[in-house]
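Notes for the one structure printed next.
The values are calculated or read from the model by the stated rules, or taken from the named source; none is laboratory data. Since we're looking at a predicted model, the values are computed, not measured. Don't worry about glycine lacking a Cβ; one is built from the backbone with ideal geometry, like all the others, and counts go over all protein chains shown.
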(Lines give C-alpha, C1' and ligand atoms only; values in the text may rest on other atoms or scores of the structure.)
Protein backbone atom coordinates (compact mmCIF):
# COMPACT_ATOMS: atom_id res chain seq x y z
CA UNK A 1 0.00 0.00 0.00
CA UNK A 2 1.44 3.38 -0.98
CA UNK A 3 1.58 6.35 1.36
CA UNK A 4 -0.85 8.22 -0.88
CA UNK A 5 -3.33 5.35 -0.68
CA UNK A 6 -3.01 5.15 3.10
CA UNK A 7 -3.62 8.89 3.38
CA UNK A 8 -6.64 8.65 1.08
CA UNK A 9 -8.09 5.85 3.20
CA UNK A 10 -7.52 7.87 6.39
CA UNK A 11 -9.22 10.93 4.89
CA UNK A 12 -12.14 8.79 3.72
CA UNK A 13 -12.48 7.30 7.21
CA UNK A 14 -12.39 10.77 8.75
CA UNK A 15 -15.10 12.03 6.43
CA UNK A 16 -17.32 9.04 7.28
CA UNK A 17 -16.77 9.54 11.02
CA UNK A 18 -17.60 13.25 10.73
CA UNK A 19 -20.74 12.49 8.72
CA UNK A 20 -21.90 9.92 11.27
CA UNK A 21 -21.31 12.26 14.23
CA UNK A 22 -23.24 15.11 12.61
CA UNK A 23 -26.01 12.81 11.38
CA UNK A 24 -26.57 11.71 14.98
CA UNK A 25 -27.09 15.34 15.98
CA UNK A 26 -29.47 15.87 13.08
CA UNK A 27 -31.64 12.86 13.92
CA UNK A 28 -31.99 13.66 17.60
CA UNK A 29 -32.08 17.47 17.24
CA UNK A 30 -29.00 17.89 19.40
CA UNK A 31 -26.64 20.86 19.31
CA UNK A 32 -23.15 20.41 17.93
CA UNK A 33 -19.98 22.39 18.59
CA UNK A 34 -16.78 22.40 16.54
CA UNK A 35 -13.25 23.35 17.55
CA UNK A 36 -10.62 23.96 14.88
CA UNK A 37 -7.10 24.05 16.34
CA UNK A 38 -3.55 24.78 15.30
CA UNK A 39 -0.45 26.19 16.99
CA UNK A 40 0.39 29.87 17.27
CA UNK A 41 2.45 31.31 14.39
CA UNK A 42 2.35 28.05 12.38
CA UNK A 43 4.10 29.53 9.32
CA UNK A 44 7.06 30.69 11.36
CA UNK A 45 7.27 27.36 13.17
CA UNK A 46 7.08 25.48 9.87
CA UNK A 47 10.00 27.50 8.54
CA UNK A 48 12.04 26.66 11.65
CA UNK A 49 11.43 22.90 11.93
CA UNK A 50 10.43 21.82 8.41
CA UNK A 51 7.42 20.02 6.95
CA UNK A 52 8.20 16.53 8.28
CA UNK A 53 8.64 17.66 11.88
CA UNK A 54 5.58 19.89 11.61
CA UNK A 55 3.44 16.91 10.61
CA UNK A 56 4.93 14.90 13.46
CA UNK A 57 4.25 17.73 15.90
CA UNK A 58 0.57 17.87 14.95
CA UNK A 59 0.20 14.09 15.27
CA UNK A 60 1.88 14.08 18.70
CA UNK A 61 -0.24 17.01 19.82
CA UNK A 62 -3.42 15.30 18.61
CA UNK A 63 -2.51 12.18 20.57
CA UNK A 64 -1.92 14.34 23.63
CA UNK A 65 -5.31 16.03 23.23
CA UNK A 66 -7.11 12.68 23.20
CA UNK A 67 -6.88 12.51 27.01
CA UNK A 68 -8.84 15.76 27.38
CA UNK A 69 -11.86 14.79 25.28
CA UNK A 70 -14.77 12.45 25.91
CA UNK A 71 -15.09 9.15 24.07
CA UNK A 72 -18.09 10.56 22.16
CA UNK A 73 -16.04 13.43 20.75
CA UNK A 74 -14.28 13.13 17.41
CA UNK A 75 -10.78 14.48 16.77
CA UNK A 76 -9.32 14.42 13.24
CA UNK A 77 -6.23 16.04 11.78
CA UNK A 78 -5.52 17.45 8.33
CA UNK A 79 -1.84 16.72 7.53
CA UNK A 80 -1.78 19.23 4.67
CA UNK A 81 -3.00 22.26 6.63
CA UNK A 82 -1.66 21.15 10.05
CA UNK A 83 -5.10 21.76 11.55
CA UNK A 84 -6.95 19.61 14.08
CA UNK A 85 -10.74 19.50 14.15
CA UNK A 86 -12.78 18.41 17.16
CA UNK A 87 -16.51 17.71 16.82
CA UNK A 88 -18.52 17.68 20.05
CA UNK A 89 -21.89 15.95 19.44
CA UNK A 90 -24.84 16.92 21.64
CA UNK A 91 -22.76 19.74 23.13
CA UNK A 92 -23.78 23.37 23.13
CA UNK A 93 -21.47 26.35 22.69
CA UNK A 94 -21.10 26.77 26.45
CA UNK A 95 -19.68 23.25 26.76
CA UNK A 96 -17.36 23.78 23.79
CA UNK A 97 -16.15 27.08 25.23
CA UNK A 98 -15.30 25.40 28.54
CA UNK A 99 -13.36 22.67 26.75
CA UNK A 100 -11.47 25.22 24.64
CA UNK A 101 -10.45 27.15 27.75
CA UNK A 102 -9.45 23.92 29.44
CA UNK A 103 -7.21 22.86 26.53
CA UNK A 104 -5.51 26.24 26.30
CA UNK A 105 -4.90 26.31 30.04
CA UNK A 106 -3.69 22.73 30.38
CA UNK A 107 -1.19 22.97 27.50
CA UNK A 108 0.16 26.39 28.43
CA UNK A 109 3.88 26.09 29.18
CA UNK A 110 4.22 22.53 27.84
CA UNK A 111 6.92 21.60 25.33
CA UNK A 112 7.38 18.78 22.82
CA UNK A 113 10.84 17.49 21.98
CA UNK A 114 11.45 16.71 18.28
CA UNK A 115 15.07 15.85 17.49
CA UNK A 116 17.11 18.89 18.54
CA UNK A 117 14.04 21.15 18.75
CA UNK A 118 12.29 21.88 22.05
CA UNK A 119 8.95 23.27 20.86
CA UNK A 120 6.72 25.24 23.27
CA UNK A 121 3.03 24.52 22.73
CA UNK A 122 0.46 27.30 22.51
CA UNK A 123 -2.88 26.41 20.94
CA UNK A 124 -5.09 28.62 18.80
CA UNK A 125 -8.72 27.49 18.82
CA UNK A 126 -11.67 28.59 16.68
CA UNK A 127 -15.11 27.89 18.19
CA UNK A 128 -18.29 27.49 16.16
CA UNK A 129 -21.46 25.42 16.24
CA UNK A 130 -25.23 25.43 16.12
CA UNK A 131 -28.08 24.59 18.46
CA UNK A 132 -30.13 22.67 15.92
CA UNK A 133 -28.37 21.03 12.99
CA UNK A 134 -30.82 20.85 10.08
CA UNK A 135 -30.77 18.42 7.16
CA UNK A 136 -28.46 20.55 5.02
CA UNK A 137 -24.92 19.47 4.23
CA UNK A 138 -22.56 19.58 7.18
CA UNK A 139 -19.58 20.78 5.15
CA UNK A 140 -20.54 24.49 5.35
CA UNK A 141 -20.43 24.24 9.16
CA UNK A 142 -16.93 22.73 9.02
CA UNK A 143 -15.75 25.24 6.42
CA UNK A 144 -16.99 28.17 8.52
CA UNK A 145 -15.04 26.86 11.53
CA UNK A 146 -11.83 26.37 9.55
CA UNK A 147 -12.19 29.79 7.95
CA UNK A 148 -12.15 31.42 11.38
CA UNK A 149 -8.80 29.84 12.14
CA UNK A 150 -7.27 30.58 8.74
CA UNK A 151 -8.29 34.24 8.68
CA UNK A 152 -5.02 36.22 9.10
CA UNK A 153 -6.93 39.01 10.88
CA UNK A 154 -7.89 36.63 13.70
CA UNK A 155 -4.80 36.47 15.90
CA UNK A 156 -6.53 35.75 19.23
CA UNK A 157 -5.83 32.51 21.03
CA UNK A 158 -9.55 31.72 21.26
CA UNK A 159 -11.54 32.85 18.21
CA UNK A 160 -15.34 32.93 18.44
CA UNK A 161 -17.76 32.89 15.54
CA UNK A 162 -20.69 35.31 15.64
CA UNK A 163 -22.96 32.35 16.44
CA UNK A 164 -20.71 31.27 19.31
CA UNK A 165 -20.56 34.79 20.70
CA UNK A 166 -24.35 35.16 20.61
CA UNK A 167 -24.88 31.81 22.34
CA UNK A 168 -22.34 32.59 25.05
CA UNK A 169 -24.28 35.76 25.83
CA UNK A 170 -27.26 33.53 26.71
CA UNK A 171 -26.85 31.74 30.07
CA UNK A 172 -26.96 27.95 29.94
CA UNK A 173 -29.47 26.74 32.55
CA UNK A 174 -30.31 23.04 33.09
CA UNK A 175 -33.97 22.08 33.27
CA UNK A 176 -35.30 22.39 36.81
CA UNK A 177 -36.90 18.95 36.85
CA UNK A 178 -34.06 17.09 35.10
CA UNK A 179 -32.13 14.31 36.78
CA UNK A 180 -28.99 16.43 36.48
CA UNK A 181 -30.64 19.15 38.56
CA UNK A 182 -31.74 16.58 41.14
CA UNK A 183 -28.15 15.42 41.51
CA UNK A 184 -27.02 19.00 42.06
CA UNK A 185 -29.62 19.38 44.82
CA UNK A 186 -28.51 16.13 46.44
CA UNK A 187 -24.88 17.27 46.48
CA UNK A 188 -25.68 19.78 49.22
CA UNK A 189 -27.47 17.18 51.37
CA UNK A 190 -25.15 14.14 51.40
CA UNK A 191 -21.55 13.20 52.06
CA UNK A 192 -19.06 12.84 49.21
CA UNK A 193 -19.15 9.04 49.44
CA UNK A 194 -22.96 8.90 49.38
CA UNK A 195 -23.04 11.25 46.41
CA UNK A 196 -20.54 9.13 44.45
CA UNK A 197 -22.56 5.98 45.19
CA UNK A 198 -25.61 7.76 43.81
CA UNK A 199 -23.87 9.15 40.75
CA UNK A 200 -22.87 5.82 39.24
CA UNK A 201 -26.38 4.36 38.70
CA UNK A 202 -27.85 7.82 38.14
CA UNK A 203 -25.51 8.56 35.25
CA UNK A 204 -26.38 5.23 33.65
CA UNK A 205 -30.07 6.26 33.62
CA UNK A 206 -29.48 9.68 32.09
CA UNK A 207 -30.38 10.14 28.41
CA UNK A 208 -27.19 10.40 26.39
CA UNK A 209 -27.59 14.09 25.53
CA UNK A 210 -28.22 15.02 29.18
CA UNK A 211 -25.30 12.90 30.42
CA UNK A 212 -23.03 14.81 28.04
CA UNK A 213 -24.40 18.11 29.33
CA UNK A 214 -23.50 17.06 32.88
CA UNK A 215 -19.96 16.31 31.67
CA UNK A 216 -19.87 19.79 30.14
CA UNK A 217 -20.79 21.31 33.52
CA UNK A 218 -18.02 19.30 35.20
CA UNK A 219 -15.55 20.56 32.62
CA UNK A 220 -16.71 24.10 33.31
CA UNK A 221 -16.12 23.63 37.04
CA UNK A 222 -12.64 22.26 36.43
CA UNK A 223 -11.66 25.48 34.63
CA UNK A 224 -12.96 27.66 37.47
CA UNK A 225 -11.59 25.87 40.54
CA UNK A 226 -8.05 26.34 41.81
CA UNK A 227 -7.93 22.77 43.10
CA UNK A 228 -9.24 19.39 41.99
CA UNK A 229 -9.14 18.52 38.31
CA UNK A 230 -7.80 21.89 37.23
CA UNK A 231 -4.61 21.41 39.26
CA UNK A 232 -3.72 17.90 38.07
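Tally the residues that are surrounded by fewer than 18 Cβ atoms within 10 Å (Cβ to Cβ), assigned to a helix (DSSP H, G or I) and in contact (Cβ under 8 Å) with a residue 12 or more places away in the chain, restricting the search to region 65-100.
The number of residues fulfilling the criteria is 1.
Would you check which residues across region 105-116 are at pLDDT 90 or above and surrounded by 13 or more Cβ atoms within 10 Å (Cβ to Cβ) and list them?
112, 114
Filter region 32-47 for residues that are in contact with a strand residue (DSSP E or B) (Cβ under 9 Å, 6 or more places away or on another chain) and assigned to a helix (DSSP H, G or I); which is nearest to residue 95 (Cα to Cα)?
Looking at residues that are in contact with a strand residue (DSSP E or B) (Cβ under 9 Å, 6 or more places away or on another chain) and assigned to a helix (DSSP H, G or I), I get 42.
Going by what's in this entry, would residue 103 be described as under 18 Å from the mean Cα position of the chain (by Cα), farther than 20 Å from residue 60 by Cα and in a helix (DSSP H, G or I)?
no
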